[in-house]
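Inspection log for the structure reproduced underneath, given as structure tokens.
The values are calculated or read from the model by the stated rules, or taken from the named source; none is laboratory data. Just so you know, these numbers come straight off a predicted model, no measurement behind them. Note: ideal-geometry Cβ built from the backbone for every residue, glycine included; neighbour counts use all protein chains shown.
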């Protein structure tokens, strides 16, 4: 199975159309390989993005430089996946 | 769960879900049948459970759709729990008993079987179908952008590599076409509910336009009542509103198609949570989620029962 070692999920709070536009540009950058969990939409809804480990620094740097407020909602995606996998295997064993 | 070996509080492979569907139909043959409505791109069967107390083939009906986006596992898990709940409560709970007296319920727990299998075998975060796109290295289309409701409109992409790629044409995805054909052939569906995750939202048309749906006021009332019922169990708060302004523009969706094709009571649930786990909701939350969702579903189905048109 695909692994997501070091990958994290960022939650970005967007306050206006300009911030949505900047974020959309970031998401559309092919080289960063970002994956949207929750898309940019209305201003009062945050955006959730899966950031691969190799893109963590550039993405953080971009968000900081653009004044975009964000938090890391899932710090260790692979740990969650491993737990889930273990649970499923345990259940199948039972 | 006590009488069988299917753990409703766990996530399961596709085969186990299909086996449990068969078990439910076998256990309650006077109420339930497992119906094959088509095959996927990779030739897997697509099964629905039909709950019916008789009354002829074209009775008014409700469609419960789940798992159209493969990675939203709480959706499939909630759906199979709901199947067991319906049979368990029939003739015990006056609400579901009276609903089934008037309408049939069709439940599709895994609307995207190929995608679901792929999330288990290869990539847990896969969303789309697994169809091949000629000329592209990218696989699949978004099955919730592939319906014939402002197809290829706002909120979709013509790039096969996009998570919201709409497909080559409406119903290009055989998984979507199978449902469309079944519902159109039946001709008497009154309600279509699509289960997704995550965000804790209960939405109604439209997704493809900010224009207010003709029945928006009634749908809003029903949705608010359903959200209130859902919250009554554990306090889980849902936001309610039309898809386009509650989340984002989304064209070609199942619910918009259903509404535009005469199925008035069309709703989308975005189940737990609000982002702490996102798509990776722990299995310990399956039963609490399913139990509260059931209260919301029942509210909607009771309204349909009392407002057949």
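A few remarks follow.
- In summary, strands (runs of 3 or more DSSP E) completely within region B:171-247 and bearing 1 or more residues that are without any contact (Cβ under 8 Å) to a residue 40 or more places away in the chain occur at B:239-242.
- Search result, residues across region A:38-65 that are in contact (Cβ under 8 Å) with a residue 12 or more places away in the chain, touching a helix residue (DSSP H, G or I) at 6+ places or on another chain (Cβ under 8 Å) and surrounded by fewer than 15 Cβ atoms within 10 Å (Cβ to Cβ): A:43, A:58
- Counting only strands (runs of 3 or more DSSP E) wholly contained in region B:1-77, the ones carrying 1 or more residues that are closer than 23 Å to residue B:273 by Cβ and away from chain A (no Cβ under 14 Å) occupy B:61-66.
- All positions within region B:250-262 that are crowded, with 20+ Cβ neighbours inside 10 Å and part of a loop (DSSP other than H, G, I, E, B): B:250, B:251, B:252, B:253
- Residue B:194 vs. criteria modelled with pLDDT of 95 or more, out of contact with any helix residue (DSSP H, G or I) (no Cβ under 6 Å at 6 or more places or on another chain), under 23 Å from residue B:154 (Cα atoms) and buried (at least 17 other Cβ atoms within 10 Å of the Cβ): no
- Any chance residue B:230 is at pLDDT 95 or above and within 29 Å of residue B:40 (Cα to Cα): no
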